[in-house]
Structures are given as structure tokens and as C-alpha cells.
Amino acid sequence: PPPPPTPHAAWRLAQAMACDNCRGAARELLKVLTNATGGTEVFRKGRDELQQAVDQLPDELSTERDHVRRLMGAMDHRFVSKTIGSWRPFVLCMIRTLHAQQGEFAKACKSVRLTPNAEELRIAEEEARLWAEGRQQPVKKAKALALVPKALPKAPKRAVKEEPDSSQCSQASASESASKRVKVEPCSPAAGSPAGESVGSEAASQPPAREAAEAARQPPASEASIEAPVQSAQRATASPEARRSPTAAMSQASIKNFFAAKPSPL
């Protein structure tokens, strides 16, 4: 049999232009922020333009046209205005289906912070197949999330203090009590015993080192400081008449010694 006729160059050009128009409408739809004010109306307008461009695809691209329509049906079913990730992966799958070059498809994925091999694209294709079969699960709009929700960071676990065992507590208390024990020196022998007398005589003959050091550090007392306590004691024990006259408090012996030490010039 003769080989099938090859399509004319004009037909190929028409097909390429139709695909380019569809991809351009899809790229404009990716730029829409549905979570912003008025974003839903802009999305609907861009979606209608994409639908018109897909309907104008020639019959030679019927396979691509049907697949894009399935993706649009699944996107409408999953659409949530406040969640951009609920519909953008479907648009990327449409661009890939419409014979986009590798660089163009990678650039479109990068604009929405996805990779060409992202898990969201696989789930979008699966959702389109389920929608065509009528087995796509309904979506709760109040709790709708992206096709692949982001994993929330886990809160750090609080450190739990381990309670020590009773045996450890008893050992710790025993070690503390042992460290706090006071060493008791043996008592000295009795004073009546010969050993006690010898110890007492040695202690009396040899003053303690501490008292000797303190006595060495103190300056020598003057004669005035030594005589002052003696005179005050004599005044305290003297009679009232002796207190009134200082010369009466002196004894006769002290007076004789005073005049004997200093003879008069007469």
C-alpha cells in the first residue's frame, strides 16, 4: 500500500500556531493570584480564554485537545481561590500536553516554584483521569489544600527530667552524710592521773603558739598604760576621803620611796 500522505507545511504551521495560542493563554493564567482581591474574577476570565483557544485546535490534535479538556474539568473541581496550589499544577500539565519545548516548560515550572518532575504534576494527571471516569472525590472547600500540602515543622519535644531511683537517692544521702561527719578527737587523760599532770605541766610551761604570736605582734606597753589600771583599782578600793584627795591614797611607803629617790635640793 502507498504510504500515508504527509501533512502539508501550512497545516503543520496552523497546528503549531494553535498550540502556541493555547500555551500563551495557559502562561497568562499562571500569573493570576486568586488569593488576592479580585483574583477569582481574573482567573475566570483567563480560564474562558484558555477554553476558547483549546476549542480552536484542529482535529489532528484531537488527542491533545481531549486531554486538556479533562485537565480543565479536574481543575475546576479542585479549584479553591485561597489556595493557589490547588489549580496551578493542572495548568502546567496543559502546557506540557500542548507540545511545549523542554526549556519553555522548565521556565513555566520555575515561575510557580515547582520542578518538571514535581509530585504535584503526577497527582494532577491522576485527578484528570479520575474526573474522566467520574470517580473524582469531592473537595471540602473549607479545608481545601494544595495537591501536595507542605509539611509543617514539628515542634521540638520538651526535655523530660528523669526522676532518680530510690536506691540512688539513698546512696546520695548516705554519701552526703558521710562527707558532713565531724571527726571527734579522743579526750585528754584526767587531771588526777600522772599522765594528766605531765600534760598539764607541759601545757603550762609552753604557752600556745597562737597566743605567743599575738603577743609578739602587739606593741610594747608604756609605763603610763601599765600604771593607769593600778591607780584606777586603788581609787575604786579607797575610802571616799581618799578619793577626794589623790595624795591620801598613796601609802606611807610609796611616799618615803618617792622622796628617797629624789633628794631635795635644801
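The values are calculated or read from the model by the stated rules, or taken from the named source; none is laboratory data. This structure is a prediction, so every number in the text was calculated from the model and none was measured. Glycine also receives a Cβ, built like all others from the backbone with ideal geometry; neighbour counts cover every protein chain displayed. Just the protein is used for accessible areas: all its heavy atoms, side chains included, with ligands, DNA and RNA removed. Shrake-Rupley method; radii C 1.70, N 1.55, O 1.52, S 1.80 Å.
Got a number for residues in the range 90-113 being under 37 Å from the mean Cα position of the chain (by Cα) and crowded, with 19+ Cβ neighbours inside 10 Å?
1
Could you check Gly85 against (1) under 41 Å from the mean Cα position of the chain (by Cα); (2) closer than 21 Å to Arg129 by Cβ; (3) outside any helix (DSSP H, G or I) and say which number it fails?
Answer for Gly85: the failing condition is (3).
Any idea which of (1) open to solvent by 20 Å² or more (accessible area, probe 1.4 Å); (2) assigned to a helix (DSSP H, G or I) is the one Gly73 doesn't satisfy?
(1)
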